[in-house]
Amino acid sequence: MVDLTGSSLPSALRAAARWRRLGPSRVPAMLAHPDWERGEPVPAVIWMHGRTVSKEIDPGHYLRLLRAGIGVCAVDLPGHGERFDAALQPPERAWDVVMQMIDEIDEIIDAVSAEPSFDSRRLGIGGMSAGGMAALARLCFDHPFRCASVEATSGSWMHQRHRRMFRDVTDEQIHEHNPIEHLRHWREIPLQAFHAINDEWVGIEGQKAFLEALRARYAQPELVELIQYDRTGAPYEHAGFGRHSADAKDRQAAFFARWLRAGD
């Protein structure tokens with residue numbers, strides 16, 4: 001059980017964090033800033049976790065961003081964390097969770113942009129698994145983000161058609177939101193993707209197909225990066241990258257620092 005008061009978090013993160021409700025939907029968020037007292041506007045990353053956990057799940061990830069001079073807005077998925085709903089926990093409800101999260105991202109953008117301690121001109125977005133699906137779908141339309149990083153997710157949802165998440169979803173519904181089918185308005189931003197080669201829940205082939213489709217549209221295809229790990233030891237080879245966890249966190253923090261702090 002995650003301690004939603006933040007008392008179980010590392011002291012450095014607890015001191016840097018503030019818990020808020022964002023936008024008309026009152027999305028629960030943990031905002032973190034390298035130095036609230038100085039209040040200097042810093043770049044920020046909007047981050048969405050995966051299914052069945054909460055926004056407090058990965059303090060090492062957030063601490064690395066803070067040490068790189070980057071703020072954090074970590075939000076709870078619908079039905080998770082501070083807005084826990086047991087009915088939204090099963091994999092069969094993941095579609096509903098992702099669809100609602102996509103709709104809420106603009107409210108989160110507006111709230112973060114209105115925070116004077118965050119620089120609205122230097123925003124990144126990312127997410128893990130279901131959170132990554134929401135991020136990739138939102139990037140298919142006009143947005144303010146400079147870069148994005150996702151983990152253990154897919155932008156080609158028909159590759160996942162056999163999964164329980166899509167059991168009660170029609171092909172038409174998938175086509176309407178499937179990122180790989182909506183790249184016409186995708187803006188050429190740096191995209192970093194992490195994946196375990198043997199992921200048992202989100203197969204890597206769909207993500208590879210999505211990233212290749214993106215590269216084919218980029219004038220600079222090297223801006224689309226896939227980082228693969230073999231035999232991580234993580235549960236189902238899906239969550240957290242196991243023995244490669246520290247490497248993934250370091251590389252992700254370096255990625256956001258490179259693209260969000262450029263020109264400081």
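Throughout, read-outs are computed from the coordinates displayed, never taken from laboratory work. Owing to the predicted nature of the structure, the values given are computational and were not obtained by experimental measurement. Note that we place each Cβ from the backbone using ideal geometry, even for glycine, and neighbour counts take in every protein chain shown.
A few points about this structure:
- Dipole of segment 11-260, positive end: most advanced residue of LEU66, GLY155, VAL112 [Cβ charges, Cα centre]: LEU66
- Hydrophobic, long helices, defined as DSSP H runs whose alpha-carbon span along the helix axis is 15 Å or greater and whose mean Kyte-Doolittle value is at least 0.5, occur in the chain at 94-114.
- Per-pair calculated FRET efficiency, R0 = 25 Å: GLU181 and GLN228 via Cβ, rounded to 0.05: 0.55
- Segment TRP36-ASN198, extension gain: residue separation times 0.36 nm, minus the distance between their alpha carbons: 54.2 nm
- Highest GNM mean-square fluctuation among GLY127, GLY203, GLY71, for the chain modelled with Cα contacts below 10 Å: GLY203.
- Note that the chain, at 20 °C in a medium of 1.002 mPa s, gets a Stokes-Einstein diffusion coefficient of 117 µm²/s from its Kirkwood radius over C-alpha pairs.
- With each label modelled as a point 7 angstrom along the Cα→C-beta vector, the GLU172-ARG67 pair spans 5.2 nm.
- Rounded to the nearest 20, the Cβ-based charge dipole of segment 16-175 about its Cα centre (Lys and Arg +1, Asp and Glu -1) stands at 380 debye.
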